[in-house]
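Single-structure report; data block below.
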Amino acid sequence: MASARQSAEDLREFGNVCLAKGKLDAAIAAYSEAICLSPNAAYYTNRAQAHKRKGVAGWARLVIDDCESALALDDKSIKAHYLLGGALSDVGDFVRATEHLRRALGLTAQTSVLYEADIRAAMLRANKRRWEDETAAAVESLDAAMPLLHELAEQLDAAAMPLHARASSPVGAG
């Protein structure tokens, strides 16, 4: 009789075969069963990758949940930090996205991975989107402030008129 850990590992391997063939629902089911038998960071990240590839509505939330579970088991999982960073970027949480992508890159210094260039590209995209969002917010704030600035300028002009009128009248007149 196979142990729970061995059965989980067999399910992971089956999930990997399904993932490679594009049978994403079968891969997700296999990884889910493996997680039930023996929770492991690799099973969570593999399922996260399958959810990402499937790309259905809400995929980013599923990836975030799986990667956070993986990191609770192994906080040095490069794949979990990478996938989590990408999903966070997709939902607009660019600060956390860049933190996780930076962590993934830092971990690649200790362990070589084939997708290091992908991590760098994801970090650049997240930084670019963060900059675009911050720039758009700054422009929006400025646009909202312009009517107030014009009103203030008019009030200052109106308040300065009497002073200007007194300053232009001849000394001793009056």
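For the reader, a short list of remarks on this structure follows.
- Cα long-axis angle, helix 116-168 against the chain (0 to 90 degrees, to the nearest 10): 10
- Computed [θ] at 222 nm, helices only, for the chain once each DSSP H run of length n ≥ 4 contributes -39500 (n - 2.57): -28000 deg cm²/dmol
- Taken over the C-alpha atoms, region 90-143 has Rg and Dmax values of 13.8, 48 angstrom.
- Crossing angle, helix 78-90 versus the chain [Cα axis fit, 0-90 degrees, rounded to tens]: 40
- Ranking of Lys54, Lys23 by solvent-accessible surface, largest first: Lys23, Lys54 (1.4 Å probe, protein heavy atoms only, all chains present).
- Shape category assigned to region 1-71 from the gyration tensor of Cα positions, a/c cut at 1.5: oblate
- Accessible surface of Arg130 - all protein chains present, 1.4 Å probe, nearest 10 Å²: 80
- These residues, Phe94, Phe14, go from largest to smallest accessible area, 1.4 Å probe, as Phe14, Phe94.
- Choice from Leu105, Leu84, Leu37 with maximal GNM fluctuation in the chain (Cα, 10 Å cutoff): Leu37
- Region 52-100: relative contact order as a whole-number percent, Cα under 8 Å and 6+ apart: 31
- Here, the chain is characterised by an Rg to Rh ratio of 1.45, where Rg is the alpha-carbon radius of gyration and Rh the Kirkwood radius.
- With K and R counted +1 and D and E -1, the other residues having a Cβ less than 11 Å from that of Ala104 yield a net charge of +2.
- Candidate residues Val63, Val91: accessible-area rank, largest first, probe 1.4 Å: Val91, Val63
The values are calculated or read from the model by the stated rules, or taken from the named source; none is laboratory data. This structure is a prediction, so every number in the text was calculated from the model and none was measured. Here Cβ is always computed from backbone atoms with ideal geometry, including for glycine, and neighbour counts include all displayed protein chains. Ligands, DNA and RNA are stripped out before the accessible areas are found, and what is left, the full protein with its side chains, is counted by its heavy atoms. Shrake-Rupley method; radii C 1.70, N 1.55, O 1.52, S 1.80 Å.
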